[in-house]
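The values are calculated or read from the model by the stated rules, or taken from the named source; none is laboratory data. This one's a predicted model, so the numbers in the text were calculated from it and none came from an experiment. For neighbour counting, all protein chains shown are included, and Cβ atoms are generated from backbone atoms with ideal geometry for every residue, glycine included. Accessible surface areas use protein heavy atoms only, side chains included; no ligands, DNA or RNA. Shrake-Rupley method; radii C 1.70, N 1.55, O 1.52, S 1.80 Å.
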Number of protein chains: 2
Amino acid sequence: MKEIRYKPIGTIHSPFKDIEGVPIQPTAAEGVAGTVEIKPKYADGLKDIEGFSHIILMYHFHLSEGYSLEAKPFMDNSLHGVFATRAPRRPNPIGISVVRLVRVEGRTLHIEGVDIVDGTPLLDIKPYVPEFDAAKVERIGWLSEKASKVHKVRADDRFR
Amino acid sequence: MKEIRYKPIGTIHSPFKDIEGVPIQPTAAEGVAGTVEIKPKYADGLKDIEGFSHIILMYHFHLSEGYSLEAKPFMDNSLHGVFATRAPRRPNPIGISVVRLVRVEGRTLHIEGVDIVDGTPLLDIKPYVPEFDAAKVERIGWLSEKASKVHKVRADDRFR
């Protein structure tokens, strides 16, 4: 398989018009409201989604150009392999965020905890289910002393 | 943005040669071992990944053909919107699994908790960080009484 082709199923809207200032992760974006607009042709796929308090959004980092195999993440000043970071400039620039689903109005999802730039193309939505998606970790590598900083740090322009 | 193009960064290997019999989620695949082979050109992106006990694999459901907007998941007999399920036949057939990273040997990752078919093209790896990826849910919709069944149910051929 040489190339894989996807089409956006919708668009994510948020208060963040640029990369700079975007919260680094949904945990740092608590209460930040946004919407997801699903294209009409995919609307029937939303049936029963309102039963879930949290959903996983998968999206294309459309503002990322190219990639580096090593990256200095927002929360560190050392270089790490890109797959050991959440940096957006990745070989396949796919982003993932777990957000709260507040309510559904037709093909608009009202969400909270949005750490995503306005206008981001949406690739997929999955229900968030702790039994599937939560793991008990022993180690979080270079993030060990830094994960809690996520509440304070905001993105700068390094991945523009 | 009309079309998004990605290239596999590697391949996932597992004991499952076909969809049938694959555990439905990593929690049901406890102890099932597999490997991830990263292509040489992306190997430098693995630096520091060994520090993480769990990683998120994002991959292309290469055996899924076409999609349905409503699906009967393995654990239910009712139709639900595909975005309220984890069914592989999705508009953009992207899969996600949180697996345990056992050890790294060059560009081979030894993993456990594999619910993925052998030969699956890998799109991305991210470090799993509870602070980013775990949510406290209030509702898991139609899965409320079914999520615990995941340990018993195995995939059949309905998404072949």
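Screening A:Arg90 against (1) of a type in the set (Lys, Arg); (2) open to solvent by less than 10 Å² (accessible area, probe 1.4 Å); (3) in contact (Cβ under 8 Å) with a residue 40 or more places away in the chain leaves a single unmet condition, (3). I want to confirm something. Restricting to segment B:10-48 and keeping residues that are part of a loop (DSSP other than H, G, I, E, B), in contact (Cβ under 8 Å) with a residue 60 or more places away in the chain and more than 18 Å from B:Val98 (Cβ to Cβ), which single residue is most open to solvent (accessible area, probe 1.4 Å)? So the residue we want is B:Lys17. The lone criterion from (1) more than 9 Å from chain B (Cβ to nearest Cβ); (2) within 25 Å of B:Lys136 (Cα to Cα); (3) among the charged types (D, E, K, R) left unmet by A:Glu50 is number (1). Residues that are open to solvent by 30 Å² or more (accessible area, probe 1.4 Å) and not in a loop (DSSP other than H, G, I, E, B) do not occur anywhere in segment B:55-68. Of everything listed in (1) of a type outside the set (Val, Ile, Thr); (2) at the interface with chain A (Cβ under 7 Å from one of its Cβ atoms); (3) open to solvent by less than 10 Å² (accessible area, probe 1.4 Å); (4) within 18 Å of the chain's Cα centre (by Cα), the single unmet condition for B:Gly81 is (4).
Take the conditions (1) in contact with a helix residue (DSSP H, G or I) (Cβ under 7 Å, 6 or more places away or on another chain); (2) more than 23 Å from A:Pro73 (Cα to Cα); B:Ile49 misses just one of them, which is (2). Of all the numbered requirements in (1) modelled with pLDDT of 95 or more; (2) more than 26 Å from B:Ile140 (Cα to Cα); (3) more than 9 Å from chain B (Cβ to nearest Cβ), A:Pro91 misses one, and that requirement is (3).
Confirm whether B:Glu138 is open to solvent by 50 Å² or more (accessible area, probe 1.4 Å), free of Cβ contacts under 8 Å to residues at least 24 places away in the same chain and within 7 Å of chain A (Cβ to nearest Cβ). The answer is yes for B:Glu138. Would you say A:Val99 is crowded, with 17+ Cβ neighbours inside 10 Å, modelled with pLDDT under 95, not hydroxyl-bearing (Ser, Thr, Tyr) and not in a helix (DSSP H, G or I)? Considered against the rule, which asks whether it is crowded, with 17+ Cβ neighbours inside 10 Å, modelled with pLDDT under 95, not hydroxyl-bearing (Ser, Thr, Tyr) and not in a helix (DSSP H, G or I), A:Val99 comes out as no. Would you say A:Ile116 is in a loop (DSSP other than H, G, I, E, B) and β-branched (Val, Ile, Thr)? Criteria met by A:Ile116. Tally the residues that are within 11 Å of chain B (Cβ to nearest Cβ) and open to solvent by less than 10 Å² (accessible area, probe 1.4 Å), restricting the search to segment A:102-112. Count: 1. Look at B:Ala71 and say whether it is under 26 Å from A:Ile4 (Cα atoms), small (Gly, Ala, Ser), crowded, with 17+ Cβ neighbours inside 10 Å and over 13 Å from the mean Cα position of the chain (by Cα). So B:Ala71 passes the test. Please verify whether B:Asp118 is surrounded by fewer than 20 Cβ atoms within 10 Å (Cβ to Cβ), more than 23 Å from A:Val137 (Cα to Cα) and at pLDDT 90 or above, treating the condition exactly as stated. Yes; evaluated as a whole, the condition is true for this residue.
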